[in-house]
Amino acid sequence: MSTVIENLLLRKQKLVEQLEKASSVDDRDKIEHQLEQINTALDFLDRPGSKDTR
């Protein structure tokens, strides 16, 4: 499970860096959408009991 979280956090960091460099509004929207998806996944994985579902 921690590997999944680590990968999500790494992807999030890369997206934040891309967001800072993005020049077009469309690029920024796409990156922000991906960040929202990652944040949702991290929230879900961080919920109590989510580690015991298997």
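Structural remarks
- Computed [θ] at 222 nm, deg cm²/dmol, the chain (DSSP H ≥ 4; -39,500 (n - 2.57); rounded to nearest 500): -27000 deg cm²/dmol
- Degrees, to the nearest 10: 2-21 long Cα axis against longest axis of the chain: 10
- Principal axis analysis of the Cα atoms in the range 2-54 yields extents of 42, 16, 13 Å, listed in decreasing size.
- Per-residue HN-Hα couplings for the range 43-48 [Karplus 6.51, -1.76, 1.60; θ = phi - 60°; Hz; x = Gly/Pro]: 4, 5, 5, 8, 5, x
- Taking every C-alpha pair closer than 8 Å and separated by at least 6 residues, the mean separation divided by the residue count of the chain gives a relative contact order of 37 percent.
Only the coordinates and a few stated rules stand behind these numbers; no lab work does. Not measured: the values here are computed from a predicted model.
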